[in-house]
Amino acid sequence: MLHDAHNHLQDEALVPHLDRIAVAWTGLAGVGGEMVVNGTHPDDWPRVAALVAAHTFVRPAYGLHPWDVGAPRPADWRERLAARLDADPRASVGEIGLDRWILDSASPDDPRLGGVRPASIDEQTEAFVAQFALAASRSLPVTIHCLHAFGELLPLLRELPVPKHGFLLHAYGGSAEMVPELVELGAYFSFNPAFLDRRKSARQDAFRVIPEDRLLCETDAPAMPPPPVWRAHKLPSGSDGFAPNHPGNIEAAYAGLATLRGVAEAALAAQIAENFTRFFGPAR
């Protein structure tokens, strides 16, 4: 049984391929294998809910992504978020977080940002704190995006009440040295197969030292495809030339992480299934 702890199946890049993805997922994930589909803005939360209704393997997460904090949104977005969480007992909060890359490194015309104004760290922090507090008050799992912003995130995690379930650092990009404190604070860490690129040695080093009971795997599909040699599942390129990552590449995440840690893949899969249920809760 395989679980994808973080993807965006609702993304427009994957919509033309949903039937194909569903067939592939059912065949490879095994009975009970789930994927957590993360909303990023009130506009895409209904698409996440529709996927939950259509597929038993989809578990929903709803949140305002730091890249979307600068986009127009309803004044009552917090109330709408609470309503989405109330509508499904399996729902979690995500994807939320902090991101300095969009401020310091991203090109203004980067198509991944969709022309949205990059929000300041202060704006991102306000949205993050509101959503993290909501997760804590309702004892819900929460998934965090942090890119080049651990200097801002870590002090918040030290000060804020943490949800009973802890929190997931998706595609963890921090150092190995930060892992012990993050574990103490309640962190889980999801391994993305893009980290199998030989240039990602620091990411690999971090995942060698993470305790086995805090490990999860993810694809972040349609983003973050694995290196070509690990890419068993492929989707055709769109009109923009972008070939979206297939959620089936969760296989590469498991196989690659088992290799990095020097453990049997079956043993790793069993441990991650236990971790997934402990963090996200039982399947429906």
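The values are calculated or read from the model by the stated rules, or taken from the named source; none is laboratory data. Nothing here was measured: the structure is a model prediction, and the numbers come from that model. Quick reminder, even Gly has a Cβ in these numbers, built from the backbone with ideal geometry, and neighbours come from all protein chains shown. Remember, those area values only see protein heavy atoms, side chains included, never the ligands or the DNA or RNA. Shrake-Rupley method; radii C 1.70, N 1.55, O 1.52, S 1.80 Å.
Residues checked against (1) assigned to a loop (DSSP other than H, G, I, E, B); (2) surrounded by 18 or more Cβ atoms within 10 Å (Cβ to Cβ); (3) in contact (Cβ under 8 Å) with a residue 40 or more places away in the chain:
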| site | (1), (2), (3) |
| --- | --- |
| Gly173 | yes, yes, no |
| Tyr188 | no, yes, yes |
| Ala194 | no, yes, no |
| Thr219 | yes, yes, yes |
Which one is least open to solvent (accessible area, probe 1.4 Å), of the residues in segment 105-123 that are in contact (Cβ under 8 Å) with a residue 40 or more places away in the chain and of a type in the set (A, V, I, L, M, F, W, C)? Ala119
Quick check on segment 234-252. Is at least one of its residues over 24 Å from Val15 (Cα atoms), assigned to a helix (DSSP H, G or I) and open to solvent by 20 Å² or more (accessible area, probe 1.4 Å)? no
Select, from Ile102, Ile121, the only residue that is under 18 Å from the mean Cα position of the chain (by Cα) and β-branched (Val, Ile, Thr). Ile102
Is it fair to say Ala75 is free of Cβ contacts under 8 Å to residues at least 24 places away in the same chain and open to solvent by 20 Å² or more (accessible area, probe 1.4 Å)? yes
The one condition Ser92 fails out of (1) under 19 Å from the mean Cα position of the chain (by Cα); (2) surrounded by fewer than 21 Cβ atoms within 10 Å (Cβ to Cβ); (3) not charged (D, E, K, R) is (2)
Does segment 34-67 hold any residues that are part of a helix (DSSP H, G or I) and closer than 30 Å to Pro108 by Cβ, and which are they? Trp45, Pro46, Arg47, Val48, Pro66, Trp67
Exclusive hit being β-branched (Val, Ile, Thr) and closer than 27 Å to Val23 by Cα, set Val69, Val58: Val58
Taking segment 78-89 on its own, how many of its residues are in contact (Cβ under 8 Å) with a residue 24 or more places away in the chain and either part of a helix (DSSP H, G or I) or open to solvent by less than 20 Å² (accessible area, probe 1.4 Å) (or both)? 7
Failed criterion for Val179 (all others in (1) outside any helix (DSSP H, G or I); (2) open to solvent by less than 40 Å² (accessible area, probe 1.4 Å) hold): (1)
